[in-house]
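Undergrad: Below you'll find the structure I mean.
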Amino acid sequence: MSIFDRFSLAGRVALITGGGRGLGFEIARAFAEAGAHVVVTGRTAAVLDGAVAAIAKGGGSAQAAAFDIADVAAGRKAIADIAETRGRLDILVNNVGARDRRPLAAFGDDDILDLIRTDLLSAISLSRDAAEIMKAQGHGRLISVTSIVGEMARPGDAVYPAAKQGLTGLMRSMAVEYGAHGITSNAVAPGMFATETNAALAEDPDMLSFARQRVPLQRWGRPEEIAGAALFLASDAASFVNGHVLTVDGGMSVQM
């Protein structure tokens, strides 16, 4: 087997939360191009249908599963449906992340719980259920999309980094708990990416200036630039990588 063959996902089944657009879509598209059947989730059926059509147009295999990631029962059903219809689940990418930039004092308890439920609790429950299927197979990949803000702080943005750092802790715990079953658990930590959600920020002159000063590559990341990191962690090329955070931020987190 050549090194290039080790990046193939042929025959694998992957579930990518928030796979209809942004970083999640780019990850789903890369997995499909590598041979996997991908299941993309989100709340808006039309967005998911567009993503599935785009992946199919490129020759990939995909399907949509529309549900609210904060609905634990719906997530459990989606996992069970994949296991029943596809006979396996090899890769789970916990990508969904809601963000609310406000000072902590401006958050009510319900606001905090809503964000934690979406950004952290959903990943815990999905990972738990997916891991049971993967244990029976003796193989699996659990991948969390965290963020460099889990290690870096700015005023007015407390709850999102707390959830992302929680994801990092979850990832490391799962690496230890499930490693003996042939399941690896790793994370991708993006920096500043010009996704649809960040489009206005990415075009703002002040933010462009900020990126030039803070990012050694002096620009925002392009969404497709996340795909290679996720594909590596999902593939056999990373078969001995477990409990690792792969930072994809153009060097922002290492520059003083």
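Undergrad: Any residue at all in region 239-255 that is surrounded by fewer than 18 Cβ atoms within 10 Å (Cβ to Cβ), of a type in the set (Asp, Glu), in contact with a helix residue (DSSP H, G or I) (Cβ under 6 Å, 6 or more places away or on another chain) and within 29 Å of residue 142 (Cα to Cα)?
TA: No, the conditions are met nowhere in region 239-255.
Undergrad: Can you name the strands (runs of 3 or more DSSP E) wholly within region 1-111 that have at least 3 residues being open to solvent by 20 Å² or more (accessible area, probe 1.4 Å), in contact (Cβ under 8 Å) with a residue 24 or more places away in the chain and under 23 Å from residue 227 (Cβ atoms)?
TA: Fully inside region 1-111 and qualifying: 61-66.
Undergrad: Which pairs have Cβ atoms under 6 Å, sit 6 or more apart or on different chains, and link a residue in region 147-166 that is modelled with pLDDT under 90 and crowded, with 16+ Cβ neighbours inside 10 Å to one that is assigned to a helix (DSSP H, G or I) and of a type in the set (Phe, Trp, Tyr)?
TA: Here the result reads none, with nothing in region 147-166 linked to a residue that is assigned to a helix (DSSP H, G or I) and of a type in the set (Phe, Trp, Tyr).
Undergrad: Given the criteria under 15 Å from the mean Cα position of the chain (by Cα) and small (Gly, Ala, Ser), does residue 185 qualify?
TA: Yes; evaluated as a whole, the condition is true for this residue.
Undergrad: Another one. Within region 204-226, identify whether any single residue is open to solvent by less than 30 Å² (accessible area, probe 1.4 Å), under 26 Å from residue 91 (Cα atoms) and under 13 Å from the mean Cα position of the chain (by Cα), and answer yes or no.
TA: The answer is yes; a qualifying residue exists.
Undergrad: OK, next. Quick check on this structure: which one of 250, 221 is at positive phi and either touching a residue at least 24 places away in the same chain (Cβ under 8 Å) or among the aliphatic types (A, V, I, L, M) (or both)?
TA: 250
Undergrad: Can you name the condition, by its number, that residue 178 falls short on among (1) aromatic (Phe, Trp, Tyr); (2) closer than 24 Å to residue 130 by Cα; (3) open to solvent by 30 Å² or more (accessible area, probe 1.4 Å)?
TA: Every listed condition holds for residue 178 apart from (3).
Undergrad: Do we find that residue 184 is modelled with pLDDT of 95 or more, open to solvent by less than 30 Å² (accessible area, probe 1.4 Å) and assigned to a helix (DSSP H, G or I) in this structure?
TA: No; evaluated as a whole, the condition is false for this residue.
Undergrad: Okay, moving on. Please verify whether residue 161 is under 30 Å from residue 47 (Cα atoms) and not in a strand (DSSP E or B), treating the condition exactly as stated. Give the derivation first.
TA: On the way: under 30 Å from residue 47 (Cα atoms): yes; not in a strand (DSSP E or B): yes.
Criteria met by residue 161.
Undergrad: Let me ask something else about it. Working only within region 193-203, note down all residues that are open to solvent by 30 Å² or more (accessible area, probe 1.4 Å), of a type in the set (A, V, I, L, M, F, W, C) and not in a helix (DSSP H, G or I).
TA: 194
The values are calculated or read from the model by the stated rules, or taken from the named source; none is laboratory data. Please read all numbers here as calculations on a predicted model, not as lab measurements. Don't worry about glycine lacking a Cβ; one is built from the backbone with ideal geometry, like all the others, and counts go over all protein chains shown. Note: areas computed on protein heavy atoms with side chains; ligands, DNA, RNA excluded. Shrake-Rupley method; radii C 1.70, N 1.55, O 1.52, S 1.80 Å.
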